[in-house]
1. Hey, any hits in region 12-19 for a residue that's under 13 Å from Val62 (Cα atoms) and among the aliphatic types (A, V, I, L, M)?
2. All but one of (1) open to solvent by 100 Å² or more (accessible area, probe 1.4 Å); (2) within 20 Å of His12 (Cβ to Cβ); (3) of a type in the set (Val, Ile, Thr) hold for Val62; state the number of the condition that does not hold.
3. Do you know which residues across region 2-57 are polar (S, T, N, Q) and free of Cβ contacts under 8 Å to residues at least 40 places away in the same chain?
Amino acid sequence: MDSDIMMMPKVHQGKNIRRFRDILGIKQEILAVELNMTQQAVSKLEQKEVVDDETLNKVAGVLN
């Protein structure tokens, strides 16, 4: 039975943040200001496969 279960592809949350940011035409610097962090921190955030819920919610709020 276990082999019948379809494996869901892993979601890379950082890449998704970058995709949404790019679609909206928002630069890392602008997102960084809105999140009260540095541009470098946003860059690192976009490289993370898993982003903590609190940060993810803040990003979602900024990107609507």
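1. Within region 12-19, one or more residues are under 13 Å from Val62 (Cα atoms) and among the aliphatic types (A, V, I, L, M).
2. (1) is the only condition that Val62 fails.
3. Matches in region 2-57: Ser3, Asn16, Gln28, Asn36, Thr38, Gln39, Gln40, Ser43, Gln47, Thr55, Asn57.
The values are calculated or read from the model by the stated rules, or taken from the named source; none is laboratory data. A quick note: this is a predicted structure, and the numbers were derived from the prediction, not measured. Note that each Cβ is placed from the backbone with ideal geometry, even for glycine, and that neighbours are counted across all protein chains shown. For the accessible areas, the whole protein counts, side chains as well, though only heavy atoms, and no ligand, DNA or RNA atoms are used. Shrake-Rupley method; radii C 1.70, N 1.55, O 1.52, S 1.80 Å.
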